[in-house]
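Colleague: One structure follows; several queries about it will come next.
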Amino acid sequence: MGYRRFSSSSSSSSSFSSSSSSFSSSSSFRFPFRITVYKHASLCLRYVIALFLLVTTYSVFLSFRSYPGDQTHVKQPSCRLLFCVTSGRSGSGYLASVLRAADAIDVGHERYPYMNKEVLWSVKQKGLNETYQQRFRLKSLSINPIPGVVWAETSHMFIKTWYDVVMDKFESSGCRIDIVMLRRYFPEVVRSLLVSSKGFRFTLPNWYYTLEDANIALLPFLPMNHSTMEEEILDSIIGYLVDLELQLISLQQRYPSVHYHEVRLEELQTIQSVITFYNSLDLVPARDALSTLSTFVGIRHNTKGNDKNTLQKEEEEHIMKRLKYFNAVYAKNGIPIPQLPAVDVYMWMLNSQSFGSCLRTIYPSYPKNV
């Protein structure tokens, strides 16, 4: 009995020992396998995390590239166009030269088709509505803006014969449209028109209209007292310039979402003022902008290259006196006249020391002691 117990114990001991050794041998086989799996799993997890971080970083980078500036995720315009509203004889050619020194812009001064001559004549005779389709085919189909490049034209015919056909087409297509309201000192413009447009209202010139052209003018025509034919022509020019201010007001009311920028020709006579002008238009100067601008900015450029066109003090006083008479006639008939910034802003500039030397270059009569 005791033997059996002993032998049983011994047997169980040997069986325990055998199972122990078997367990230890099994463990020695399983532990390295598990460690290898854990190592591979850890390595794979690291790769997944690294890939996730890489994809996230790239996505953030793309979002910054797609939405520059304030990162407000505003939809970018499909194209950009730039036009100017001006009376003529106010520096639209000079404005084109200034804009050409900017980067990523295609500028033309009075591009073809010019929309004058027969087109202006038909508008005078029939009005804008009846000539819309004809003008649409002529002008709007000739404008093909390229993405990333500003398409620009500086022409005083814009406000007279083709603003509606291009604005209706491109504003509805999501294009950004900038309009520069370019003005020049009022008596200077009147003087220039007097010199360059002999027979202003009698020969029906290719570029202008008078208040008697009721299909295009917004200001009603009122007869004036004239002592000479020159005064009659002068009143026609003043009426044309006043009416253009009404045309501009009408344009702003019809297209309120357009970007409007007021600028004076006299203000664009320093490189710094040109750069400020670029900023207002969200334009960037080209690499050679400084060298390009320095060749003409601040240098006297008469609109016809003739020094005889320089405004004299007596002429200036006569023009302003005639403008005062013109306003009085319309006020007497209860017809309001719009404000003329080309008169008011210039007086502010005369009081600015920073514009003194520049204005002496443009206007020799400006006093040197100021």
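Colleague: Given the Cα-Cα distance of residue 142 and residue 288 and 0.36 nm per residue of separation, how much length would full extension add, in nm?
Modeller: 49.6 nm
Colleague: Nearest 0.05, what FRET efficiency do residue 295 and residue 224 give at R0 = 41 Å with Cβ-Cβ as r?
Modeller: Calculated transfer efficiency: 0.40.
Colleague: Just check region 76-162 against the gyration tensor rule for me: Cα atoms, a ≥ b ≥ c as the square roots of the eigenvalues, rounded for a/c under 1.5, and otherwise prolate or oblate depending on whether a/b exceeds b/c.
Modeller: oblate
Colleague: Moving on to the next point. When the Karplus curve 6.51 cos²θ - 1.76 cosθ + 1.60 is applied with θ = phi - 60°, which whole-Hz ³J(HN,Hα) does each residue of region 105-110 get, with x for Gly and Pro?
Modeller: After applying 6.51 cos²θ - 1.76 cosθ + 1.60, I find 9, 10, 10, x, 9, 6 Hz.
Colleague: Aspartates and glutamates near residue 124 by alpha-carbon distance under 16 Å, same-chain residues fewer than 8 away left out - which ones?
Modeller: 164, 212, 213, 243
Colleague: Per residue, how many Å² of accessible area does region 192-295 show with a 1.4 Å probe?
Modeller: 49 Å²
Colleague: Now, a different point. Work out from phi, with θ = phi - 60° and the Karplus expression 6.51 cos²θ - 1.76 cosθ + 1.60, the ³J(HN,Hα) of each residue of region 121-137, listed in order in whole Hz, and give x for Gly and Pro.
Modeller: Going residue by residue, I get 4, 5, 5, 4, 7, 10, x, 6, 5, 6, 9, 4, 4, 4, 5, 4, 5 Hz, with x marking Gly and Pro.
Colleague: Rank-order 288-297, 153-162, 91-100, 264-273 by packing density, defined as the average count of other C-beta atoms within 10 Å over each peptide's residues, highest first.
Modeller: 153-162, 91-100, 264-273, 288-297
Colleague: In addition: Going by average Cβ density within 10 Å per residue, which order do the peptides 111-124, 326-339 take, highest to lowest?
Modeller: Ranked from most to least packed, the peptides come out as 111-124, 326-339.
Colleague: What number results when the radius of gyration of region 91-230, computed over Cα atoms, is divided by 2.2 N^0.38 Å?
Modeller: 1.18
Colleague: From the phi angles alone, apply the Karplus equation (6.51, -1.76, 1.60; θ = phi - 60°) to region 165-176 and give each ³J(HN,Hα) in whole Hz, x where the residue is Gly or Pro.
Modeller: Once rounded to whole Hz, the list reads 6, 7, 5, 4, 6, 8, 5, 6, 8, x, 7, 7.
Colleague: In addition: Taking amide H atoms as placed 1.01 Å from N in the peptide plane, list the residues 5 or more away in sequence, or in a different chain, whose amide H sits under 5 Å from that of residue 108.
Modeller: Residues meeting the amide H criterion: 152, 153, 154.
The values are calculated or read from the model by the stated rules, or taken from the named source; none is laboratory data. Predicted model, so just to flag it, every value in this text is computed and none were measured. Cβ coordinates were reconstructed from backbone atoms using ideal geometry, including for glycine residues, and neighbour counts include every protein chain displayed. Calculation scope for accessible area: heavy atoms of the full protein, side chains included, ligands and nucleic acids excluded. Shrake-Rupley method; radii C 1.70, N 1.55, O 1.52, S 1.80 Å.
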